Amino acid sequence: MSLRILLSIIFVFTGLALHAQSIVTENLSWYISSMDDINNGERVAAENEKLITYGAERIEWLNADGSIKHTYSVNNVGGNWENVSSSGSIIYQFKDGDQLGTITFERAKSEIIVRVLLGKDDALPEIYEIKILKITTL
């Protein structure tokens, strides 16, 4: 088998593997391009921050320096988004101490949006809308 054919076969299978990333089974990094605080209508500094989804187990929100800003332990997943390269969505629910929330990941055509709703029993929820620049596997 020639090297060209072998490389072509490897390229095809690698492309298929990257194309079919499932958010509930893969560990994925979601690179943030911008974030808006919906409560006050302002853009929030989030340059070089990212979200990491660890399947259906947990989500980490990392600062630009790579330190952990928040960790959310997932207790319920609504939906099943089998291919993050295609349109779809999924909702993660969590409870962390007295904080309740949801994180929704959604792709519509080429735009990827993450909506974060953080609430406490006695306060109005914090709501953020995050635009994602790119997704990679860990």
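Once region 90-123 is narrowed to residues that are among the β-branched types (Val, Ile, Thr) and surrounded by 15 or more Cβ atoms within 10 Å (Cβ to Cβ), the residue that is farthest from ILE135 (Cα to Cα) is THR102.
Scan ASP96, ASP121 and give me the residue that is closer than 17 Å to HIS70 by Cα and acidic (Asp, Glu).
Details: ASP121 fails: closer than 17 Å to HIS70 by Cα.
That would be ASP96, the only listed residue that is closer than 17 Å to HIS70 by Cα and acidic (Asp, Glu).
Residue check: is GLY101 assigned to a strand (DSSP E or B) and either over 13 Å from the mean Cα position of the chain (by Cα) or touching a residue at least 60 places away in the same chain (Cβ under 8 Å) (or both)?
Details: assigned to a strand (DSSP E or B): yes; either over 13 Å from the mean Cα position of the chain (by Cα) or touching a residue at least 60 places away in the same chain (Cβ under 8 Å) (or both): yes.
Yes: the conditions hold for GLY101.
Of the candidates GLU49, GLU42, the single residue that is at pLDDT 95 or above and over 18 Å from the mean Cα position of the chain (by Cα) is GLU42. For ILE91, the conditions (1) farther than 15 Å from VAL24 by Cβ; (2) assigned to a strand (DSSP E or B); (3) aliphatic (A, V, I, L, M) all hold with the exception of (1).
Once region 28-75 is narrowed to residues that are of a type in the set (Val, Ile, Thr) and under 16 Å from TYR92 (Cα atoms), the residue that is surrounded by the most Cβ atoms within 10 Å (Cβ to Cβ) is THR53.
Name the residues in region 86-131 that are among the charged types (D, E, K, R) and modelled with pLDDT of 95 or more, would you? Working first, answer last.
Let us first name the residues in region 86-131 that are among the charged types (D, E, K, R), namely 95-96, 98, 106-107, 109, 111, 115, 120-122, 126, 129, 131.
Of everything in region 86-131, those that are among the charged types (D, E, K, R) and modelled with pLDDT of 95 or more turn out to be GLU106, ARG107, GLU111, ARG115, GLU129, LYS131.
Among residues of region 36-58 that are more than 23 Å from ASN80 (Cβ to Cβ), those with a Cβ under 9 angstrom from a residue that is basic (Lys, Arg), sequence gap 6+ or separate chain, pair up as ASP36/ARG43; ASP36/LYS131; ASP37/ARG43; ILE38/ARG115; GLU49/LYS69. As a summary of the residue check, THR25 satisfies the conditions (1) touching a Phe, Trp or Tyr at 6+ places or on another chain (Cβ under 7 Å); (2) among the hydroxyl-bearing types (Ser, Thr, Tyr); (3) modelled with pLDDT under 95 except for the one numbered (1).
Could you identify the single residue in ASN48, ASN83, ASN39, ASN76 that is touching a strand residue (DSSP E or B) at 6+ places or on another chain (Cβ under 7 Å), of a type outside the set (D, E, K, R) and not in a strand (DSSP E or B)?
Details: ASN48 fails: touching a strand residue (DSSP E or B) at 6+ places or on another chain (Cβ under 7 Å); ASN83 fails: touching a strand residue (DSSP E or B) at 6+ places or on another chain (Cβ under 7 Å); ASN76 fails: not in a strand (DSSP E or B).
Just a single option satisfies the conditions, and that option is ASN39.
The values are calculated or read from the model by the stated rules, or taken from the named source; none is laboratory data. Since we're looking at a predicted model, the values are computed, not measured. All Cβ positions, even for glycine, are placed from backbone atoms using ideal geometry, and neighbour counts span all protein chains on display.
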